[in-house]
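Below: the structure, in structure tokens.
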Amino acid sequence: MSDVKKTRHGVRVRLEAEETALVRALMEQLIALIGDTPGDTGEGLASIGISENATKPDDPVLARLFPDAYRDDGEAAGEFRRYTEMGLRDGKREVAATVLGSLGDTGSDTRSEIVLDDKQAQAWLRALNDVRLALGTRLDIGEEWYEEAARLDPRDPRTPMFAAYDWLTMLQESLVRALW
């Protein structure tokens, strides 16, 4: 089971081989999910971080990761998205890549011991939050999610996702406690 502790050198995160593999897979999936800003070619305004064609995503997970800034004003929300979405996507990809980089090249059968500096620990918190938001949206997590998960048949295909969500919650909480 994972272990997170503050040390003189930073925050030490110990992960079992299976936990390392899970974090790696989830971060890779997050990066793939975020992708590039739809409709942008990297030319024109996109070269300075302004999206010419930014619209609210149809995918509920992406809509949760990139919500409208103004719920009651579609025009203002679109304009805000136009100026911010590329940077937000870049930031989410960057923190997920930081997590992947800190995992190193350990094999899937090796326990990991990682020491994070403050910047890396903050990146882990942000990336874990993004993954939890994505999973929570897919699972339609609500106030009673823990009770719902406890009632699931072990053969239910959502069972591993609920378990991953629960474990990520504990990992994130451990990291927060170590930092503060």
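Restricting to lysine pairs 8 or more places apart or on different chains, what number in the chain have Cα atoms under 18 Å apart? Lysine pairs meeting both conditions in the chain amount to 4. Rounded to whole numbers, the Karplus 3J(HN,Hα) couplings from phi for the stretch 14-31 are 10, 10, 5, 4, 5, 5, 4, 4, 5, 4, 4, 4, 5, 5, 5, 5, 4, 4 Hz, using 6.51 cos²θ - 1.76 cosθ + 1.60 with θ = phi - 60°, and x at Gly and Pro. Each of the peptides 74-82, 116-124 was scored by the mean count of other Cβ atoms within 10 Å over its residues; in descending order, highest first, they stand as 116-124, 74-82.
Accessible-area rank, largest first, for T20, T159: T159, T20, with all protein chains present and a 1.4 angstrom probe. Using a probe of 1.4 angstrom and keeping all protein chains present, the accessible surface of the chain works out to 59 square angstrom per residue. Relative to the longest principal axis of the Cα atoms of the chain, the long axis of helix 118-139 lies at roughly 80 degrees. Ordering of 142-151, 8-17 by packing is 8-17, 142-151, highest average first (other Cβ atoms within 10 Å, averaged per residue).
Going by a ≥ b ≥ c, the root eigenvalues of the Cα gyration tensor, does the chain fall in the rounded group (a/c under 1.5), the prolate group (a/b larger than b/c) or the oblate group? Oblate, since a/c reaches 1.5 and b/c is not below a/b.
Axis of helix 159-179 versus longest Cα principal axis of the chain: the two differ by about 90°, to the nearest ten degrees. Counting only alpha carbon atoms, the long axis of helix 74-103 and the longest principal axis of the chain meet at about 30°.
The values are calculated or read from the model by the stated rules, or taken from the named source; none is laboratory data. In this text, all values refer to a predicted model and were calculated from it rather than measured experimentally. Heads up, the Cβs are rebuilt from the backbone with ideal geometry, glycines too, and the neighbour counts pull from every protein chain shown. Heavy atoms of the whole protein, side chains included, go into the accessibility calculation; ligands, DNA and RNA do not. Shrake-Rupley method; radii C 1.70, N 1.55, O 1.52, S 1.80 Å.
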